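In what follows, a single structure is set out as structure tokens and then discussed.
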Amino acid sequence: METVISLVPAQPVAMPPGRVFGAYVAEARSECIRYMRAPSFILPMLLFSTVFYVMFGVLLNHGDASRYLLASYGAFGIIGPGLFGFGVSLASERDGGLLTLKRALPMPPGAYLLGKMSMAMIAATIVIMLLILIGIFLAHVSLTATQMLALIVTGALGVLPFCALGMLVGTLVKGQGAPGLLNLIYLPMAFLSGLWLPLSILPPVLQNTAKIWPSYHLNQLTLAAVGLNHEPIIGHVLVLAGFTVVFLFLATRRLRRYG
Amino acid sequence: MPNTNVPVARLASAVKRYGAITALDGAELVVKPGELLALLGPNGAGKSTAISLMLGLIRPDAGSVELFGQDPQKIEARRRIGVMLQSALLPPTLRVGELLRLTASYYPVPRPVQEAAELAGVADLLKRPYGKLSGGQQRRVQFALALCGRPELLFLDEPTVGMDIEARQKLWTAIRRLIAEGCAVVLTTHYLEEAEALADRVCVMAHGRVIHEGTVDELRARVSLKRIRCITITSIEKVSAWPDVVEARLEGERMHITTAEAEIVVRQLLDADTQLRELEVQRAGLAEAFTELTRDAEQTPTADQREAA
């Protein structure tokens, strides 16, 4: 009996393109809702950079320093949702079996990653808008509409390389280990690329190595957005795109091999 | 179903190794449309590996795997299945209704949310966040997710673990309804009564192979042993010494005897004690059959058959 039955054509089950698109939207929507409802997850991402900015950009500094710090805490704030939004959730979903279930279900390819990406992009945009509001109303930084828009776009897109890095970390560790490892990357990287203290007051060794960190290049973009960097930015954009491709490649390869 | 011979899922000489461990060693398995196939076997027999192959989660090292005649890694094939895994931590802050709508969005013609929820007995939980549900309720929600896409084949991996008797009965009823609609089911379970209650066919696995395949009755018939129970004054030592008695023990005043020759032993019992009361003779259950089958497999493993973790 088994020999007869093997070559039967599959009965086609049509999935209209509209429904496939709907599945992507549903996945992104669920991903956003689930984290917006988890304050313990969302608040640290929103508060870390805004509290720092209130302390150092509003209370301790004025004028151009506040403008400069808006750019550097902006970069710091953008990185968080990428690293943590992706890394922590991927690590725990690999651990808890949700990723396995999603792979077994007919979820359209990439919907899982696109869903998390939209969540990180929205969170990064919210962080940047909060910082802009603090900058304008508390630190009295004057920003043109173009500058605000540039900063918001930098936030929404600048989070992507860090999504890819977070994803790579999420494929390397499982479950509870992820937040620790991510902080070990996040905080030193922020310091070494001049997001906390200006590079000019750091030792020359660190000044020279700052360029190896993706956060340095993001910071150059946020500085350009607020009008403090007049050099061409295309180089930094390309470096960030390169980081994204490499991290994404390594992460998807690991994910395919080890699940 | 147009043709009852078309398999909905099939493993042909499937081999899967994890390092030095051979989890599946040439497993043959065919799931026919509309049937419930119970996959039984001790831990490490290869059940989970077989399921993972049919779901396209892993690829075989040798042999072939088909889902509706296609590679299971093809999304078109998986749009016709529903899945309930042994453990999956779903997002705790999403409500049951939201989880159902999300899962339904993956399928071409899903059931309405209300219908899926009613089938699985979670209609009253739609507004509740998943994380606030009890373990049994969460399992029922996972079952609702498995059936919401109107699948032609449903994979249920240990579905009733953590359920009380009433919830288990309800799930069985729901499974029977799906089968009546023409849905095929692959069920793995540790509860033999579950296989007995639901399965058309039973597939027993050991050491990465299918060692028995057939109906529940055929599996029972594989075992020649019968059970005799009675209340008698004949001593247990004397009965144990009879040549046809495999085992004899006392439970309270009642004697339990296992034998392949029930007629001979019953005659001996009646001869020895004319006052003997409450005589019962039964064919051994699925549990005995299962134990005997897997014990046989245990005693004769070939060199390359190693148990998988």
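The values are calculated or read from the model by the stated rules, or taken from the named source; none is laboratory data. In this text, all values refer to a predicted model and were calculated from it rather than measured experimentally. Cβ sites come from the backbone with ideal geometry, for glycine too, and all protein chains shown count toward neighbours.
The table below lists the values:
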{"read-out": "Strands (runs of 3 or more DSSP E) (entirely within segment B:1-115) containing at least 3 residues that are out of contact with any Lys or Arg (no Cβ under 7 Å at 6 or more places or on another chain) and at the interface with chain A (Cβ under 9 Å from one of its Cβ atoms)", "value": "B:81-84"}
{"read-out": "Number of positions in segment B:237-262 that are closer than 19 Å to B:ARG277 by Cβ and assigned to a helix (DSSP H, G or I)", "value": "3"}
{"read-out": "Residue in segment A:24-34 that is closer than 22 Å to A:ARG257 by Cβ and within 14 Å of chain B (Cβ to nearest Cβ) present", "value": "no"}
{"read-out": "Residue count for segment A:94-107, restricted to those that are facing chain B (nearest Cβ under 7 Å) and either assigned to a loop (DSSP other than H, G, I, E, B) or closer than 18 Å to B:PRO72 by Cβ (or both)", "value": "8"}
{"read-out": "Scan of segment A:172-221 for residues that are assigned to a loop (DSSP other than H, G, I, E, B) and loosely packed, with under 14 Cβ neighbours inside 10 Å, ordered by number", "value": "A:GLY175, A:GLN176, A:LEU197, A:PRO198, A:PRO203"}
{"read-out": "Tally of residues being surrounded by fewer than 17 Cβ atoms within 10 Å (Cβ to Cβ) and either part of a helix (DSSP H, G or I) or touching a Gly at 6+ places or on another chain (Cβ under 7 Å) (or both) across segment A:136-151", "value": "5"}
{"read-out": "Breaking point among (1) surrounded by fewer than 23 Cβ atoms within 10 Å (Cβ to Cβ); (2) touching a Leu at 6+ places or on another chain (Cβ under 8 Å); (3) of a type in the set (Ser, Thr, Tyr); (4) over 30 Å from B:LEU153 (Cα atoms), for A:THR100", "value": "(4)"}
{"read-out": "Selection from segment A:215-237 of residues that are out of contact with any Ser or Thr (no Cβ under 8 Å at 6 or more places or on another chain) and farther than 20 Å from A:SER66 by Cβ", "value": "A:HIS217, A:GLU231, A:PRO232, A:ILE233, A:ILE234, A:GLY235, A:HIS236, A:VAL237"}
{"read-out": "Among (1) exposed (fewer than 15 other Cβ atoms within 10 Å of the Cβ); (2) at pLDDT 95 or above, the one test that A:ASP64 misses", "value": "(2)"}
{"read-out": "Number of the exception - A:VAL8 against (1) in contact with a helix residue (DSSP H, G or I) (Cβ under 8 Å, 6 or more places away or on another chain); (2) surrounded by 12 or more Cβ atoms within 10 Å (Cβ to Cβ); (3) at pLDDT below 90", "value": "(1)"}
